[in-house]
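*Asks:* A single structure is presented below for examination.
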Amino acid sequence: MSGRTLGSAIFVLVLGSFFATLCDVVVKLADAKVAIYQLTFLRIVFMCLILLPIVFVRMWRRPDHLSVGIKLHFIRGHLWIVAALFLVLSLSELSLATANAVFYTIPIFIMVFATVFYKERLTLDVVVTAICGFVGVLVILRPTEVSMGMISAVLFAVSIALNSLLIKKIPQQQDMLYGLLITQMCALPVSGGLAWWEGEPLQLELVIYAALASVCSILYCMACLTGYRYVESSKVTSAEYSGLIFAFLIGWLFFDETLDMWLFIGSFLIIAPLFYLTHRDARKLRKDQLLSNARANLNAG
């Protein structure tokens, strides 16, 4: 699928959401609480091995962009390590559906953090969305006591949100897959040191899980690059919410997870405001384009 039409872009993003959910499934199956650093390091190694030949083919004619944004990639790489560790901890304790529902607070954290770090205007819509999202998390988790899984799921969302905010500072002329490769390479030394400090023997099972998770992560990234490249993001971003449906279905079918009403209510509180904001922006964009076209035609006349 090229992603050049609205339908194909939506399909690619839905497919990408499926691979993102599969990555969570693989990490959950690994259940690597004992060798958590080893799994994180192996995922980074496989990401680098897979991306290296792809990036070489795409970038060999543009060497002038190779040194751009190294400091940002260094920071993002270490945020990725933190996020990967919290991902393992959250999925090892929470159900797939519950963890994924909490993960969908990432856009909310991005909106909140953008007002702090980029001084973006804090509108009533953003405030209501943030409040609904956090209420949704409380409804889903219903914390009678705070567990490590709950904390890890929220901290994973925070880590990914901070990582995503840094993307804005990366020069637009730099290839995104190259940026992803450099980010992972910057994370190699620390993740390798943590795996060595952990002292667990190399586990073949974890190697397989790490390879599968890396493939799924890269396929998700490539789907996002394709899906958002030609079509306005406001028109297709809601397609990524399909990942929560995949998490519900896979958790129910393969992990015998119980989907209670609180899970659906909490998920609705998280996603509904985000869905509204997406379509509101899409309508505003279409209105602005119509006004712009009308002015152009008036001036031409």
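The values are calculated or read from the model by the stated rules, or taken from the named source; none is laboratory data. As the structure is a computational prediction, the values presented were derived from the model and not from experiment. Virtual Cβ from ideal backbone geometry, glycine too; neighbours counted across all protein chains shown. Each accessible area value is taken on the protein alone, full model and side chains, heavy atoms only, with ligands, DNA and RNA left out. Shrake-Rupley method; radii C 1.70, N 1.55, O 1.52, S 1.80 Å.
*Asks:* If we keep just the residues of region 158-170 that are of a type outside the set (A, V, I, L, M, F, W, C) and open to solvent by less than 60 Å² (accessible area, probe 1.4 Å), which is nearest to residue 275 (Cα to Cα)? Give the steps one after another, and end with the answer.
*Replies:* Applying the first criterion (of a type outside the set (A, V, I, L, M, F, W, C)) to region 158-170 yields 159, 163-164, 168-169.
Keeping just the survivors that are open to solvent by less than 60 Å² (accessible area, probe 1.4 Å) gives 159, 163-164.
Numbers: 159: 22, 163: 22, 164: 19 Å.
Filtering first and then ranking leaves 164.
*Asks:* Then there's this: Working only within region 27-50, note down all residues that are surrounded by fewer than 22 Cβ atoms within 10 Å (Cβ to Cβ) and closer than 19 Å to residue 221 by Cα.
*Replies:* 45, 46, 48, 49, 50
*Asks:* Out of all the residues in region 101-122, is one or more more than 19 Å from residue 166 (Cβ to Cβ) and either part of a helix (DSSP H, G or I) or of a type in the set (Asp, Glu) (or both)? Can you show your working first?
*Replies:* If we filter region 101-122 for residues that are more than 19 Å from residue 166 (Cβ to Cβ), which is where we start, we get 101-102, 104, 121-122.
Narrowing further to those that are either part of a helix (DSSP H, G or I) or of a type in the set (Asp, Glu) (or both): 101-102.
The answer is yes; a qualifying residue exists.
*Asks:* Report yes if residue 155 is of a type outside the set (D, E, K, R), open to solvent by 40 Å² or more (accessible area, probe 1.4 Å), at pLDDT 85 or above and in contact with a helix residue (DSSP H, G or I) (Cβ under 6 Å, 6 or more places away or on another chain), otherwise no.
*Replies:* Working: of a type outside the set (D, E, K, R): yes; open to solvent by 40 Å² or more (accessible area, probe 1.4 Å): yes; at pLDDT 85 or above: yes; in contact with a helix residue (DSSP H, G or I) (Cβ under 6 Å, 6 or more places away or on another chain): yes.
Criteria met by residue 155.
*Asks:* Exactly one condition in (1) closer than 20 Å to residue 49 by Cα; (2) at pLDDT 80 or above is false for residue 268; which is it?
*Replies:* (1)
*Asks:* Conditions first: (1) at pLDDT below 85; (2) surrounded by 19 or more Cβ atoms within 10 Å (Cβ to Cβ); (3) farther than 30 Å from residue 188 by Cα. Residue 139 passes all but one, so which condition is the exception?
*Replies:* Condition (1) is where residue 139 drops out.
*Asks:* Listed residues 109, 134, 117; which is among the aromatic types (Phe, Trp, Tyr) and open to solvent by less than 30 Å² (accessible area, probe 1.4 Å)? Outline the logic, then answer.
*Replies:* On the way: 134 fails: open to solvent by less than 30 Å² (accessible area, probe 1.4 Å); 117 fails: open to solvent by less than 30 Å² (accessible area, probe 1.4 Å).
Just one listed residue meets the conditions, 109.
*Asks:* Look through region 171-191, keep the residues that are over 17 Å from residue 84 (Cα atoms) and part of a helix (DSSP H, G or I), and return whichever of them is most open to solvent (accessible area, probe 1.4 Å). First the steps, then the outcome.
*Replies:* Taking region 171-191 first, the residues over 17 Å from residue 84 (Cα atoms) are 171-179.
Still in the running and part of a helix (DSSP H, G or I): 176-179.
Details: 176: 91, 177: 4, 178: 18, 179: 6 Å².
The qualifying residue most open to solvent (accessible area, probe 1.4 Å) is 176.
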